[in-house]
Amino acid sequence: MKLLDFCLAALSGFLLILAFPKFNMEIVAWAALVPLFWSIRKKNPPQAALLGFVAGFSFFTGLLPWIYNVLTQYGHLPGAVSVFFLLLLTAYLALFVSAFAFALRWVAARIEISESLLAPPLWVSLEYIRGFLLSGFPWELLGYSQYLTLPLIQIADITGVYGVSFLIVLVNAAIYRFMEAFIDRNWRPVRKEVVAAALLLILSAAYGYWRLAEISPQSKEGTPVRISLIQGNIPQNVKWEPKFQEETVRGYLDLTLRTRHLFPNLVIWPETATPFFFQDSPSHKSRILELSRTMRAYLLFGSPAYDRKGRETRYYNSAFLISPEGKEAGRYDKIHLVPFGEYAPLSGLLGFTRDIIGAIGDFQPGEKFQTLALPKGNFGVLICYEAIFPDLTRQFVARGARFLVNITNDAWFGHTAAPYQHISMAALRAVENRVPIARAANTGISGFIHPSGKILQASKIFTKSILFGILYMNNKWSFYTQFGDLFSYLCMGFTTILLLWVRFRREDRVERSRE
């Protein structure tokens with residue numbers, strides 16, 4: 001291998017970074033993988049795997065520097081240790097790109113097959129696996145890069161975000177094949193591939209424009225719910241100090257009362273807006289209950305919670321719903337917890353992982369997809385990064401949620417690209433399930449998301465903010481809500497069958513040669 005090969009692979013990673021927030025140069029994604037394809041051309045599988053790792057490592061290291069911020073500022077780890085864990089995570093994620101490159105060349109070494117046929121389903125299969133392996137970390141899958149290109153993400157109501165990833169990889173492969181044909185002066189085998197990729201891109205865009213034209217008027221025909229979002233902007237470094245609790249509660253009460261003249265049906269505070277156990281704080285609790293009565297509105301807020309079963313006490317990251325009568329109307333316990341943030345993996349072996357979590361200690365995962373009820377309809381709550389999991393979100397809508405609420409505390413991320421990356425993924429959840437989303441974040445970005453994925457309002461980060469909007473609910477389910485990740489399963493099935501066929505076909509040839 002030459003130095004140029006490594007440079008081309010790294011270039012793919014750097015180009016992918018540009019396609020995501022804050023850069024938002026989404027058009028770059030449609031050609032970002034071409035240098036990687038070119039670098040692994042005519043390489044053997046191990047060489048391709050190494051080049052794929054270089055591409056993935058450069059991409060994820062540039063995408064996730066906020067991990068360092070979390071570990072140093074809030075995990076109180078030394079800078080060198082934080083860098084180590086950042087690189088460890090990005091190396092793990094890079095293995096998926098490495099496997100992608102390896103499989104491409106492994107198959108190509110055994111049968112004649114175009115990248116346009118194998119690369120898209122292979123990429124989707126690996127993205128899907130990344131979403132659940134080792135608890136899952138599907139942060140900024142390739143399809144999310146297009147969250148601002150509304151016509152091209154509308155296919156997500158059929159395929160999920162994975163369909164957008166498929167389309168991007170297909171176009172990348174077609175561009176690479178076109179370049180290869182230009183150099184080799186052999187156009188015949190490539191023409192059909194380029195035409196097929198262009199046709200699928202055009203059909204996807206046409207579907208997107210049709211759905212946008214259809215959704216826009218329909219979205220206002222449903223039942224309206226008036227919502228106020230309160231962004232308290234509570235500093236993370238003092239959030240859990242007991243002496244700061246009064247100031248926190250007073251701040252949220254004052255901001256909420258400013259929206260009284262808007263007559264909201266629902267007021268939403270962020271994740272852990274009450275930095276104490278709501279169940280065990282009589283003075284703060286009575287004021288919050290009185291606020292709901294004063295506002296004559298439902299109030300949703302995040303708070304740590306607990307349940308006692310015999311001698312065992314189980315702690316949860318929860319969302320409480322208070323009725324206009326000042327009574328607890330429901331509670332949702334977060335199901336998908338953040339490793340190292342809300343529980344300590346391997347804490348028996350790696351004691352320092354508990355230090356990263358902070359003062360609260362280990363949370364337990366909730367056990368059911370609990371929707372919460374308003375007189376106008378039910379809604380589902382996604383706490384923090386639960387919004388990056390497509391199927392988890394789908395489960396709420398399939399169980400009757402007519403809109404979604406995402407409460408989060410992105411103060412951990414600081415002034416990095418992470419808050420912008422986070423909301424970009426929430427936008428795809430709206431498209432997949434054709435439901436509006438209200439998002440309340442402690443330090444931002446708070447906002448409202450249309451069922452088309454358009455971000456209607458968005459607050460600035462690290463400011464106190466009040467946002468008011470009207471969401472329209474309907475009872476229509478998308479294809480994705482009904483059938484889930486069927487498209488991903490088809491991609492995985494095709495990829496698995498092809499790999500097995502190539503494997504056993506090779507063995508069969510070896511056996512025949514011995515005879």
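None of the figures in this text is laboratory data; all of them are computed from the coordinates on show. Keep in mind that what you see is a predicted model, and the values were worked out from it rather than measured. Glycine also receives a Cβ, built like all others from the backbone with ideal geometry; neighbour counts cover every protein chain displayed.
Some points to look at:
- Reciprocal of mean inverse Cα separation for region 1-127 (Kirkwood radius, Å): 15.2 Å
- Note: relative contact order over region 117-228, using C-alpha pairs below 8 Å and six or more positions apart, is 27 percent.
- Estimated at 0.36 nm per residue, the fully extended path between Leu3 and Tyr92 surpasses their Cα-Cα distance by 29.7 nm.
- Region 223-473: C-alpha gyration tensor shape, a/c 1.5 cut-off, then a/b vs b/c: rounded
- By DSSP, the beta bridges lying fully in region 223-473 are antiparallel in about 65 percent of cases.
- Inter-probe distance in nm under a simple model that places probes 7 Å from Cα toward Cβ, at Val195 and Arg110: 3.1 nm
- The chain, relative contact order [Cα under 8 Å, separation at least 6], %: 16 percent
- The GluC sites (Glu not before Pro) of region 190-261 meeting both criteria, a DSSP state outside H, G, I, E and B (loop) and at most 16 other C-beta atoms within 10 angstrom of the site's C-beta, are Glu221.
- Span-like helix ranges in the chain, DSSP H, alpha carbon extent 27 angstrom or more, Kyte mean at least -0.5: 79-108, 161-184, 188-218, 486-514
- Beta bridges by DSSP in the chain, antiparallel share as percent, to the nearest 5: 65 percent
- Model label zone, Arg314; criterion: amide N under 18 Å from point 7 Å along Cα-to-beta-carbon; scope region 245-279: 279
- Over the chain, dividing the summed -39,500 (n - 2.57) contributions of all DSSP H runs of at least 4 residues by the number of residues returns a 222 nm mean residue ellipticity of -15500 deg cm²/dmol.
- Using a cutoff of 8 angstrom between alpha carbon atoms and counting only pairs six or more residues apart, the relative contact order for region 223-473 works out to 22 percent.
- Each label was represented as a point 7 Å from its Cα along the Cα-to-Cβ direction; for Asp254 and Thr496 these points are 5.8 nm apart.
- The residues Val34, Val502, when put in order of fewest to most other Cβ atoms within 10 Å, stand as Val502, Val34.
- Using every pair of distinct Cα positions in region 352-452, the Kirkwood expression returns a hydrodynamic radius of 14.4 angstrom.
- Applying 1/(1 + (r/R0)^6) with R0 = 22 Å to the Cβ-Cβ distance of Phe263 and Gln457 gives a FRET efficiency near 0.75.
- With viscosity 0.890 mPa s and temperature 25 °C, the Kirkwood radius over alpha carbon pairs of region 233-278 converts through Stokes-Einstein to a diffusion coefficient of 212 µm²/s.
- Pairwise label distance in nanometres, Glu328 with Ile470, each label 7 Å out on the Cα-Cβ vector: 3.4 nm
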